[in-house]
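One structure is given below, encoded as structure tokens.
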Amino acid sequence: MDAAGFAAATNVSRETLNRLNLYESQIKLWQPRINLVASATLADLWHRHFLDSAQLLPLVPAEARFFVDLGSGGGFPGLVLAILLEERRQSCASGLDGEPERRWRFVLVESDGRKCAFLREVARRTGVAVEILSTRIENPQTHAKLASADVVTARALAPLDRLLDWAAPLFGERTVGLFLKGQSAEAEVEAALSRWAFDVSFVPSVTAADARIVVVRNLRQR
């Protein structure tokens, strides 16, 4: 898949596609110095990373304004979602959508300082409004800065039971967790249910036949 194929699959605007093209160029520039993606996937960025992240967009509630991406790494899925939602954010900020203005907030949490520098550079070049926290997810100070989010995302970060340990302080009554998982998704959910109670649904991945998006709501500890 190339940029044109991605645009055909997602129906993004030309402005959004231009931002993603800038993102692609920065990955290729920084990759020799920082391991942002697996080297074997570098030639397939638009499918393996951009489309894999973009498939979360239809699952984002229309009223969502506060997003937290855990373990952002090279920006997947959080920075891709921020780019895809930038035009919606601008429309809300200007009042064009007819809704009362509510502050948008996109937070990317990443403990690797070099990757944070990369994320900041991509955000600067694409003009996307994101906050980048260079900290460990499990730190209480991190949770204190975030409180309840509308949407919590993560990809390839940790088994679900451990991921929920980190995500739980960010969950409120209406929070939705969107977690990209591989073939072990069902087994990870079963393991997590031994300590956590939550509503869950599985959405088939559009990028890998054996992968799933695990959608978590109403998270609470047993």
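Testing L157 on (1) assigned to a helix (DSSP H, G or I); (2) in contact with a strand residue (DSSP E or B) (Cβ under 7 Å, 6 or more places away or on another chain); (3) at pLDDT below 95, one condition comes back false. Which one is that?
That leaves (1) as the condition not met.
Out of all the residues in region 68-84, is one or more outside any helix (DSSP H, G or I), surrounded by 18 or more Cβ atoms within 10 Å (Cβ to Cβ) and among the charged types (D, E, K, R)?
Step one: filter region 68-84 for residues outside any helix (DSSP H, G or I), giving 68-77.
Remaining after also requiring surrounded by 18 or more Cβ atoms within 10 Å (Cβ to Cβ): 68-77.
Adding the requirement that they be among the charged types (D, E, K, R) leaves 69.
Yes: one or more hits.
D97: modelled with pLDDT under 95, in contact with a helix residue (DSSP H, G or I) (Cβ under 8 Å, 6 or more places away or on another chain) and not small (G, A, S), yes or no?
Numbers: modelled with pLDDT under 95: yes; in contact with a helix residue (DSSP H, G or I) (Cβ under 8 Å, 6 or more places away or on another chain): yes; not small (G, A, S): yes.
In short, yes.
For a quick check of your reading of the model, give me the residue pairs whose first member lies in region 63-75 and is under 17 Å from D112 (Cα atoms), whose second is acidic (D, E), with beta-carbon atoms closer than 7 Å and at least 6 apart or on different chains.
Short answer, once both residue conditions are applied: G71/E110; S72/E110; G73/E110.
Just need a number here: residues in region 179-188 that are of a type in the set (A, V, I, L, M, F, W, C), over 18 Å from R220 (Cβ atoms) and part of a strand (DSSP E or B). Step through it out loud before you land on a result.
Start the filter on region 179-188 by keeping residues that are of a type in the set (A, V, I, L, M, F, W, C), which leaves 179-180, 185, 187.
Applying the additional criterion that residues be over 18 Å from R220 (Cβ atoms) yields 180, 185, 187.
Remaining after also requiring part of a strand (DSSP E or B): 180.
Number satisfying all stated conditions: 1.
For region 130-172, enumerate the residues that are acidic (D, E) and under 19 Å from D112 (Cβ atoms).
Within region 130-172, E131, E138 qualify.
Out of region 17-63, which residues are surrounded by fewer than 14 Cβ atoms within 10 Å (Cβ to Cβ) and of a type in the set (V, I, T)?
Scanning region 17-63 gives a single hit, T41.
The values are calculated or read from the model by the stated rules, or taken from the named source; none is laboratory data. Treat the numbers as computed from the prediction; the structure is a model and nothing was measured. For neighbour counting, all protein chains shown are included, and Cβ atoms are generated from backbone atoms with ideal geometry for every residue, glycine included.
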